[in-house]
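What follows draws every value from the coordinates through simple rules; no lab data is involved. The structure presented is a predicted model; accordingly, all values stated were derived computationally and were not measured. Glycine gets a Cβ as well: all are built from the backbone with ideal geometry, and neighbour counts include every protein chain shown.
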Amino acid sequence: MGLTIDKVFNNFDQSFQEFIDSGPLTKKGKATKLASHIDILSLTRSGLAFLYSKSVELDRGGFFKDTSWSDPDKLVPYLVKGTLNYGHPSSSFETLSELRMLRIAKGEDSYEGISAKDAQKFLEEVIVHNLEFALREPSEETRLRMPDRELKKAYNLFGFIMSEIDLNGVYEKLVEEVRLICEQRPIRTQKARELISLVKRRFDTSGEAKKDKMIRVFINALYTPSRGVRENENKESYLEFLGSADETTLASEAHEMGELMNATGLVSGYHALLLRHILKVNPNLVPICLDLNDRGIAEWEKYHELVSSLILETASWDNCQCIYGLARMLGKNLFSRRAVRVGLENLRRIKINSQVEKRILKSLTEPDADITALQYLIGGTIKVLGQPLGIGQGHNPTCQSARGISMWSQHSPAKLIDMIITVSTQNNLIMRFENQNLVSNNLVKGLLDQLDYNLDVVSVVLVPHLDKIYNEMMRISAGRLEDPHKWVNPAMYGHWIQVDFASCYDYMSNSIMDFPGYQRIFFASFHPDFNGNRHLVYPNPVGIFITSNKGDMIGFHAVSLLRVEKSPSGEMRAYFLNPNNEGRQDWGQGILPSVHGKGEKQGESSLPFHQFAARVYAFHYSSLDVKNRLNEVPVEEIEKVEKLARGSWGKSYTWNQQTKLW
Amino acid sequence: MAKCFALIGWSLPVIESMQKTGRPFVVVSFSDFEPYANENDIPFVSYQLDEWSDTSNSIDLYEKLKAFDADVAVPLYEETVEWAGALNSIYRGDPRVLNRAFLFRNKAMMKRKALIGGLRVGLFEEVYNKEGVKAFMKRLNQANLQLDGEEDSWVHIKPFASAGTVGHRLLRSMDEIDEKCEDSDFPCLAESHLSGREFSCEAFINKGKIRFLNITEYVKLGYSNFIPEGKYLESKRDLIHKEVQKMVDIFGIEYGMVHPEWFLTENDELNFGETACRIPGGHILELCSKSYEFDALAAFVICHDPNITEEELDEIFPEKDFRPKNYHGNVMIYPHKRQFSKLEIPESLNNEPYFVEHTLIAPYEGQKLSADRDGFGNHFGTINFKGEDPDRMTELLKHYEEEEFYV
């Protein structure tokens, strides 16, 4: 590798010399070639450092001459994302431009019209607008659009900038980010943990401003969740402290940690140590330690034997997050279901298939040496059962599988546990579709080329199989001149899915057909004002158009519509699960899904009903239930939705006014 | 030494090379380029090169160029060959110079001349419609003693005067004549399929003699090539040199550069494909400059000069026995799909020791290729390689030509 790296540097030097030697007429052409070296160099840290050292010469040599980047004082932070998105050579020029800005910010170079402070502020704004790169958590749009290589370049660039500059200006924005991520209560807490750790390492959080107080709650939740920890800050000394603590001290420790966990959804490693200790010396404190509600306390009292075994088997320093899942499970009385108890007992006794074990271990960042894959799997199962809306698809195009796991967790937890057991022991899964058994190991291909392991343990186990089966169902149903989801969804997810299906896209005419008729069904099915004030019982798998922040069509996505209700302020809103890890996105036309403060339960996203309707292209419903209500939907409502649709994704389609028999 | 070169056609790399030589020149091209030329102090005569009329003709252009003292005209593109020929026939007082330029612009005339002179050419004929092509194929089948049920002889048709592969069609059967030929193709040249290994060379000519011969190895015609030629062609260099000189003699070419395409058979016979006398495509002179360490663009212009001395000539070309240390090759990347949205550069390229650089650019979102592409259409960028082993070079060029860069 060393040899190749040297060669990359040499090639750059040679190309750079040719660029310098060329006259003004061919400089532009040579700059393009030079950019191809910058492209390669920006893939590695050492390459970026090398480019940084060369950035003065490059700039003085006229690399930016006659380009959009020629004047550093005229650059706009907001546009950086667009050029990075656009790909090479734009992204390579952009990378070098940021390095130049970094040089100015650090006072290593000066430009007319831009001070070190301006440059610093510019970079801060760039980071804030590009947290997805800074945190390596790309949005759905970015994931679809950017090639892996470009993503890697962007990650590398932001890593470099963040290690080099003072990040104070970014602070406030990051605090808000932490709050909103945790508000969604993800199962996979790595992103939140990384952000909190970043803020803790890089910022002074000791002030008395609101943001300081808020972030301290999160920092405490992870690092110093109690007085005992503050005074005995590391694993060994805390264990020692616990050994000599009296009951009052333990109660106050339990109380502090339980409350912090409930307030943030985050669990610290110390919490696992405390819980195990309490279980041994004073189990009465468990409900406090888990901050249980009344139902939870009753549940604990009734099933404390099983729950105690589960705690002792799973809760550990690294596997601590499952404690929150357990608390939520108790709060929902899941242990009162016999099938769930039996399932968990079964799960405790399985022998995991070696391939599955590999997958589980690969998904862990810093596994505890003495915790087995099975223990992580049980912990993962508890998390999924406790937080069904916290499931994410990682960087995988597997929204359907994530949606399924979430649905089973809510409405058929025992079935889910059973599926986890089958796949974990057999590394195989069989599902039935239209009179044939689909055996995932006999199927070749899913949507997934390579699993991104940034997933919770249960997803890591199930998704590769669910994905293949889903894909096979789609393949079998293709060519029927209707959306294959019509048949696939009920087969895949189960009998909770209504069998009637409406899509605004008509396969025969390749157009959007009878949009008003389609929307009337949507309103009559889900809007309480027009469906006889009925509420959704089960999640409805809904297909949506993903649009950019300019409203342009990007692709398709699967979400679950969970409920339609009035928000605290009296607005009719659709509450849904977006399995792409991040419920907050900008869909253009002012359509901004909210995750907090508009009546959302943790993990839900929400939009005003008509805005949500304007992005839905397909859903399931019951024709029997809507048939007498269709004419009650007011024309004005439909028109409002149609206007939004036509002004966004609708531009990518032909519209057909013909009336359709639904 | 020439008082002033008139460069017919607009090419920034050529202009820059000429600036570096310090020799006087003037650029003749369309008025669109005039503002840029003025801004950058490039001597420029704006001319309507695509029109021939009372106000747009060689005598008129000759008068306009007098102000610059021009005495040598150099064609940079296929379409400016006649203009340069007309001017040079005035400068040299030899009307046949213009006729020779026509030779390059009419492939039927070119073949006839080659045939008379004794070069190996295929059977050829001017055709005016599909029936003509069918009759040609039928006669070719007869000559090849076709039996019932045997496949038809392959026929190529190409316009009389187009660069490279533009408008070139290969017809493998009678049916394909109906399928592939358009009325707008005619009249054109029909010729039998030449067998052998295809390659091109660039012979820089002065006073009727080859001053420097470059041989370009085609890995895939129109996609990839490298310089100098690989081992096999190198072993045939003397043969090729002789044959090219023979062609130069037959055509009576005195100055400039010829860019003939040949087919080398297993019996060491060279079939003549066609020749041009302008700058070849595929960045060939760029590769040639790098491998032979000289400015091939400047040399291309300068060897058009009848008044240059032997010493000056020696100065612009590499030493007679110079053999390049490295092979320089390139592959031009075309999207394989009709619609694509991303540029994906494979990781393997970063770590490829032969890789030098590329000029690939990302497409705009959902970019589509238009259905009516001419020749190979425009490529989306070039990847350059450099290395010591021609076989490895061939392997790499083949590999990356097939790689999907646009998805």
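How long are the three semi-axes of the equivalent ellipsoid of segment A:70-147, in whole Å, if each is the root of 5 times an eigenvalue of the C-alpha gyration tensor, listed from largest down?
Working: eigenvalues 117, 34, 18 Å².
The equivalent ellipsoid of segment A:70-147 has semi-axes of 24, 13, 9 Å.
Under 10 Å, Cα contacts only: if you run a Gaussian network model on chain B, which one of B:Met247, B:Met257, B:Met174 comes out with the highest mean-square fluctuation?
B:Met174
Could you work out the Rg to Rh ratio of segment A:267-338, with Rh taken as the Kirkwood radius (inverse of the mean 1/r over all Cα pairs)?
My calculation puts Rg/Rh at 0.93.
For peptide B:12-18, compute the average count of partner chain beta-carbon atoms within 10 Å of each residue's beta-carbon.
4
How large are Rg and Dmax for segment A:339-456 when only the alpha carbon atoms are used, in Å?
That works out to 14.3, 46 Å for Rg and Dmax.
Give me the Å³ per residue figure for the convex hull around the C-alpha atoms of segment A:537-605.
Measuring per residue, one finds 87 Å³ for the Cα hull of segment A:537-605.
Going down the table (B:Lys180/B:Lys220; A:Lys601/A:Lys640; A:Lys33/B:Lys158), which pairs top 30 Å between alpha carbons?
A:Lys33/B:Lys158
Cα extents of chain A along the three principal axes, largest first, in whole Å?
Dimensions of chain A along the principal axes of its Cα atoms: 81, 78, 52 Å.
Students often forget the sequence filter, so: which aspartates and glutamates lie under 20 Å Cα-Cα from A:Lys486 once same-chain residues fewer than 8 apart are removed?
Qualifying aspartates and glutamates at Cα under 20 Å: A:Glu434, A:Asp467, A:Glu472, A:Asp500, A:Asp506, A:Asp514, A:Asp625.
Taking N as the number of residues in segment B:113-186, what is its alpha-carbon radius of gyration divided by 2.2 N^0.38 Å?
1.16
Would you work out which of A:Leu144, A:Ser459, A:Asn540 lies farthest towards the positive end of the dipole of the protein assembly as shown? Charges go on Cβ: Lys and Arg +1, Asp and Glu -1.
Checked the options; the winner is A:Asn540.
Roughly how compact is segment A:481-563, stated as its Cα Rg over 2.2 N^0.38 Å to two decimals?
Compared with the compact-globule rule of thumb, segment A:481-563 sits at 1.17.
Can you tell me the relative contact order of chain B? Whole percent, Cα pairs under 8 Å, sequence separation 6 or more. The partial results should precede the final answer.
Details: 753 pairs, mean separation 57.4, N = 407.
For chain B, the relative contact order is 14 percent.
So for segment A:342-424, averaging the separation of alpha carbon pairs under 8 Å that are six or more residues apart and normalising by length, what relative contact order in percent results? Working shown, then result.
Numbers: 54 pairs, mean separation 30.5, N = 83.
It rounds to 37 percent for segment A:342-424.
Enumerate the whole-percent occupancy of each 20 Å bin, from 0 to the last occupied one, for all C-alpha pair distances of chain B.
24, 57, 18, 0
How big is the Kirkwood radius of segment A:232-290, worked out from every pair of different alpha carbons and given in Å to one decimal?
11.3 Å
Of B:Ile90, B:Ile205, B:Ile157, which is the most mobile in a GNM of chain B whose springs link Cα atoms less than 10 angstrom apart?
Largest GNM mean-square fluctuation: B:Ile90.
Would you tally the net charge around B:Lys111, using a Cβ to Cβ cut-off of less than 14 Å, leaving B:Lys111 out, and scoring K and R as +1, D and E as -1?
Here the charged neighbours net out to +1.
Can you compute the label reach from A:Glu636? Point 7 Å from Cα along the Cβ direction, backbone N cut-off under 19 Å, restricted to segment A:555-576.
Counting backbone N atoms under 19 Å from the label point, the list is A:570-573.
Sort A:452-458, A:363-369 by packing, meaning the average of other beta carbons within 10 Å per residue, with the highest value first.
The densest-packed peptide leads the list: A:452-458, A:363-369.
Taking the Cα centre of each part, how many Å lie between segment B:164-208 and segment A:302-355?
Measuring centre to centre over Cα atoms gives 76 Å.
Does segment A:30-182 come out rounded, prolate or oblate, given a ≥ b ≥ c as the square roots of the eigenvalues of its C-alpha gyration tensor, rounded meaning a/c under 1.5 and, failing that, prolate meaning a/b above b/c? Numbers along the way, then the final one.
Numbers: a/c = 1.79, a/b = 1.22, b/c = 1.47.
Oblate shape, in that a/c is at least 1.5 and b/c is the bigger or equal ratio.
I want to check a number: in segment A:55-180, how many lysine pairs have alpha carbons closer than 20 Å, given a sequence separation of 8 or more or different chains?
12
Once the dipole of segment A:372-522 is set up with Lys and Arg at +1 and Asp and Glu at -1 on Cβ about the Cα centre, which of A:Gly446, A:Val499, A:Ile378 lies farthest towards its positive end?
Value computed over the given set: A:Ile378.
Cα atoms only: what Rg and Dmax, in Å, come out for segment B:237-282?
Considering segment B:237-282 through its Cα atoms, Rg and Dmax are 11.1, 32 Å.
Could you pull out every one of the aspartates and glutamates with an alpha carbon less than 16 Å from that of A:Lys211, ignoring same-chain neighbours closer than 8 positions?
Excluding near neighbours in sequence, the set is A:Glu172, A:Glu176, A:Glu177, A:Glu183.
Dipole size in debye (nearest 20) for segment B:34-105 around its Cα centre, Lys and Arg Cβ +1, Asp and Glu Cβ -1?
About 440 debye.
Suppose R0 equals 35 Å; then what is the FRET efficiency for B:Asn351 and A:Asp368 from their Cβ-Cβ distance, rounded to the nearest 0.05?
0.45
Report, please, the projected area of segment A:252-391 averaged over directions, based on the convex hull of its C-alpha atoms, in nm².
About 8.2 nm², averaged over all directions.
Take the Cα gyration tensor of segment B:1-122, multiply each eigenvalue by 5, square-root it, and list the three semi-axes largest first, rounded to whole angstrom.
Gyration-tensor ellipsoid for segment B:1-122: 28, 16, 14 Å.
What is the Cα centroid distance between segment B:1-31 and segment B:284-299, reported in whole angstrom?
One Cα centre to the other: 17 Å.
For the charge dipole of chain B, defined by +1 on Lys and Arg C-beta atoms and -1 on Asp and Glu C-beta atoms about the Cα centroid, which residue among B:Ile15, B:Ile308, B:Asn351 has the Cα displaced farthest towards the positive pole?
The listed residue farthest towards the positive side: B:Ile308.
For chain A, what is the relative contact order in percent, using Cα pairs closer than 8 Å and at least 6 residues apart in sequence?
Working: 1009 pairs, mean separation 60.5, N = 662.
Relative contact order, chain A: 9 percent.
Within a 10 angstrom radius of each residue's Cβ in B:352-359, how many Cβ atoms of other chains show up on average? Whole number is fine.
6
Does segment A:521-662 come out rounded, prolate or oblate by the C-alpha gyration tensor, with a ≥ b ≥ c the root eigenvalues, rounded set by a/c under 1.5 and, if not, prolate when a/b is larger than b/c and oblate if not? It would help to have the intermediate numbers written out before the result.
Working: a/c = 1.59, a/b = 1.06, b/c = 1.49.
Oblate, since a/c reaches 1.5 and b/c is not below a/b.
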